[in-house]
Amino acid sequence: MIPKTLAQARFLSEEVFIHRLHLEQKRTERSQRPFILVLLESASLLKANGRVGVCQRILDLLLKSFRETDVLGWYQYGSAAGLIFTEVGPEGGRSTGSLLTGRVRELLAGELSPEEICQVRLSFFVFPEDWDKWGGSAEPVLYPETVRSRRYSKLVKRLVDIGGSLIAILLGSPLFFATAAAIKLTSRGPVLFRQQRVGQFGRRFTLLKFRSMRANNDHTLHQEYVKNLIAGTPDSSDGLPPKVFKLTGDPRITQIGRFLRKTSVDEMPQFLNVLRGEMSLVGPRPPIPYEVDSYEIWHRRRLLAVKPGITGLWQVNGRSRTTFDEMVRLDLQYAKFWSVWLDLRILLQTPGAVIAGDGAY
């Protein structure tokens with residue numbers, strides 16, 4: 001049996017464990033070496049006022065059975081213990097996770113009764129994930145600091161989103177109908193453009209815009225451009241890395257479409273996305289799935305802390321005229337410091353950015 005003093009030193013509190021989980025993610029972003037989070041959940045066996053000695057037996061068993069480099073602690077105090085297995089090989093993360101979970105199950109079987117074993121739930125998660133492929137999504141379990149933080153402020157943000165969107169739709173309804181008529185009269189195709197986008201935690205949704213391009217066009221040109229932009233590789237036209245997010249001189253855009261993009265009127269239907277809870281008034285720009293396929297691990301963080309938005313920090317700081325890495329850093333800065341007052345400040349600055357038209361194409 002490990003002495004209690006040593007157990008207390010190695011088995012981390014919930015706050016410290018969540019912080020270590022965040023640090024391991026940052027380390028993986030640099031080293032590219034995955035880690036595995038194993039959760040052992042039992043509301044009955046791990047609760048502080050539960051059966052005498054069972055919780056301590058489980059924690060002692062975990063502490064004496066794994067490497068000192070592994071991180072053990074409370075994922076959720078009294079109901080879930082977490083184990084972070086570091087320095088996993090770059091391949092076979094899921095198979096390694098299955099083996100580790102099986103090992104924990106065998107250890108518990110030798111210490112607990114069959115009745116107690118039935119009250120334990122084991123699961124594992126590999127970081128980094130493949131949530132950006134095959135239409136998958138991120139596991140919020142891996143980002144507890146994001147899920148659990150500032151819940152009251154998030155509720156206020158949602159209420160502001162609903163109220164602001166309803167007001168915008170009501171006041172902007174004449175412009176909605178005028179724009180729809182202009183699109184229908186000047187080009188063939190639907191009024192609204194629907195496109196799959198990646199939202200918070202990698203969940204996909206259908207983004208709505210007024211159509212500014214010719215119908216049934218090829219997206220290969222934009223896909224290649226965005227790939228070069230994210231990688232920072234030279235553009236074939238001038239030998240320099242792309243400096244704006246949107247493709248300039250895009251031949252697919254209609255005559256009325258150029259005006260809609262310049263004035264950002266094409267974005268107005270996204271107030272419906274906000275009402276549906278898929279977007280927020282303020283937040284990171286929602287990417288297209290093929291953009292996410294080119295992301296580095298650290299780029300994905302822009303999709304975790306908050307919902308994507310119609311406007312954001314990067315839009316009011318030069319709009320599209322910025323490098324991709326600079327845009328991601330602005331999104332991460334917003335996610336770290338966001339508040340209702342910051343949202344209101346960005347919303348008030350957005351009309352000026354739209355009028356200036358800097359970087360809008």
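With contacts taken as Cα pairs under 8 Å at a separation of at least 6 residues, the chain carries a relative contact order of 15 percent.
A straight line joining the Cα centroids of the range 69-130 and the range 264-305 runs 33 Å.
Shown here is the pair-distance distribution of the chain: with all Cα-Cα distances grouped in 10 Å bins from zero up to the longest one, the shares run 5, 21, 27, 20, 14, 9, 4, 0, 0 percent. Can you tell me what percent of all Cα-Cα pairs in the range 4-128 are more than 26 Å apart? When every Cα pair of the range 4-128 is considered, 18 percent fall beyond 26 Å. Here the sum of -39500 (n - 2.57) over DSSP H runs of 4 or more residues, divided by the residues of the chain, equals -14000 deg cm²/dmol at 222 nm, to the nearest 500. A dipole drawn for the chain from +1 and -1 charges on Cβ atoms has a positive end, and of Phe66, Leu313, Pro269 the residue lying farthest that way is Pro269.
Here the Karplus relation 6.51 cos²θ - 1.76 cosθ + 1.60, evaluated at θ = phi - 60°, turns the backbone of the range 19-32 into coupling constants of 5, 5, 4, 5, 5, 5, 5, 5, 5, 5, 4, 7, 8, 6 Hz, with x for every Gly and Pro.
Remark: for residue pairs Lys26/Lys157; Lys157/Lys184; Lys262/Lys336; Lys26/Lys209; Lys209/Lys307; Lys47/Lys307, the C-alpha separation exceeds 26 Å in Lys26/Lys157; Lys157/Lys184; Lys262/Lys336; Lys26/Lys209; Lys47/Lys307.
Relative protection proxy for 290-302, 147-159, from highest mean packing down: 290-302, 147-159 (other beta-carbon atoms within 10 angstrom).
Restricting the GluC sites (Glu not before Pro) of the range 9-91 to loop positions (DSSP other than H, G, I, E, B) with no more than 10 neighbouring Cβ atoms within 10 Å leaves Glu68, Glu91. Backbone amide hydrogens, once placed in the peptide plane, bring Met279 within less than 5 Å of Val274, excluding anything fewer than 5 places away on its chain.
Taking N as the number of residues in the range 151-356, what is its Cα Rg relative to 2.2 N^0.38 Å? Could you put the intermediate results ahead of the total?
Values: Rg = 16.7 Å, N = 206, 2.2 N^0.38 = 16.7 Å.
Cα Rg divided by the expected 2.2 N^0.38 Å: 1.00.
Just so you know, all these numbers are worked out from the coordinates, no wet-lab data involved. This structure is a prediction, so every number in the text was calculated from the model and none was measured. Quick reminder, even Gly has a Cβ in these numbers, built from the backbone with ideal geometry, and neighbours come from all protein chains shown.
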